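One structure is given here, and the rest of the page talks about it.
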Amino acid sequence: MLWQKGESAVTIRELCEKEVVQLEQGVCLGRADDLELDPATAQLQCLILLGRPRLLGLLGRDESLTIPWREIETIGTDAILVHTAVPAAPAAPHGFWQQLRAKLGL
């Protein structure tokens, strides 16, 4: 069991199955892939949402999104509501070869 929220307990598995929704714009950010816990107190410090895989994961992933505990508004039955900023989409190069070079870091 992770922590008590009201009357019901939430497990780590249940927490990672919930959609993370940004409140201001109503954007679904995905699901929590990992958690960061304080080793001294075992309290949840932040949720980590891994970035999208690039080229089926062969070229790594986009940047991960870390949501600190203070930005979590509510943990509901279906979703986790947060006040975090929506990450800006990187500007995509126009041509195929430019995109490939950008992804390979050349």
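Quick note: the coordinates plus some simple rules give every number you see, no bench work behind them. Keep in mind it's a predicted model, so treat the numbers as computed, not measured. Every residue, glycine among them, receives a Cβ derived from its backbone with ideal geometry; neighbour counts consider all protein chains shown.
In whole Hz, what ³J(HN,Hα) sequence does the range 65-81 give by Karplus (6.51, -1.76, 1.60; θ = phi - 60°), x for Gly and Pro?
10, 9, 10, x, 4, 5, 8, 7, 7, 8, 10, x, 6, 10, 8, 10, 9
Give, as a single signed number, the net charge of other residues whose beta carbon lies under 11 Å from the beta carbon of residue 79, with Lys and Arg counted +1 and Asp and Glu -1.
Taking every other residue near residue 79 into account, the sum is -2.
Give the long-range amide H neighbours of residue 19: residues separated by 5 or more places, or on another chain, with amide H under 5 Å away, using H modelled in the peptide plane at 1.01 Å from N.
Excluding prolines and chain starts, which carry no amide H, the hits are 80.
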